[in-house]
Amino acid sequence: MDEEKTARLVRELLLEIGEDPEREGLARTPLRVARALARLVRGYAQTPESVVNGAVFEATDSNHMVVVRDIDVFSLCEHHLMPFFGHCHVGYIPRGKVLGVSKIARIADCFAARLQIQERLTGQIARAVRDATGAEGVGVVMECEHLCMQMRGVEKQNAKMTTSAVLGSFHDDPATRAEFLSLLPGFGGHGR
Ligand code: ZN
């Protein structure tokens, strides 16, 4: 992203909404917005491979379900460029390879830091975890609040959207899927 070009566009936007981009409080706003935006969409310059960076570990005796809960998610909806945010929970059954816990969060981040819809984001995280580990199955559940729903006067101020993606044994085996859900807060689990 070209910071100065983005700042010029933000200045145009301020004029268009009837503001005075020269007034004191707004003088540096275009540049600040440009820098913030670059940070919020940093994921375009990342891939799951680049963020995992080889941190996949052999765990030959491990074929039990691994669940990482309450990973923070911050993203921008592609329809309104407004934030949606919440948590995701990731479970997988390794086939001899596991990911560092922080790397699962980094995978979620690299896709969240793009313009998104929650449904696609959920699926991308699931596929990236599968591809990085060769897991026999992966499940991702995500719960987010969408400011585009909450701030635009639609009477859904408290609505949360839940999405899920299941691959492999999490898709094919109801018992595996049920075990995963039983470990999540609010889905039959006792996490909270
Ligand atoms: Zn939206």
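The values are calculated or read from the model by the stated rules, or taken from the named source; none is laboratory data. The shown structure was predicted, so the numbers you read here are calculated from the model rather than taken from an experiment. Reconstructed Cβ throughout: ideal geometry from the backbone, glycine too, with neighbour counts over all protein chains shown. The accessibility values were calculated without ligands, DNA or RNA, using every heavy atom of the protein model including side chains. Shrake-Rupley method; radii C 1.70, N 1.55, O 1.52, S 1.80 Å.
Odds and ends about this structure:
- Overall form of the stretch 96-159 per C-alpha gyration tensor (a/c, 1.5; a/b vs b/c): prolate
- With the highest mean first, a sort of the peptides 104-115, 23-34 on other beta-carbon atoms found within 10 angstrom per residue produces 104-115, 23-34.
- Excluding same-chain neighbours fewer than eight residues apart, the aspartates and glutamates reachable from K160 by a Cα-Cα span under 12 Å are E143, E145.
- Computed with a 1.4 Å probe over protein heavy atoms only, the accessible surface of the chain comes to 57 Å² per residue.
- All aspartates and glutamates inside 18 Å of K5 as judged from Cα atoms, apart from same-chain residues fewer than 8 positions distant: E16, E22
- Overall form of the stretch 48-182 per C-alpha gyration tensor (a/c, 1.5; a/b vs b/c): prolate
- Centre-to-centre separation between the Cα atoms of the stretch 112-159 and those of the stretch 21-79: 13 Å.
- Using alpha-carbon coordinates, inclination of helix 118-133 to the longest axis of the chain, degrees: 50 degrees
- For the stretch 80-128, the fraction of 1.4 Å probe accessible surface lying on carbon and sulfur atoms is 59 percent.
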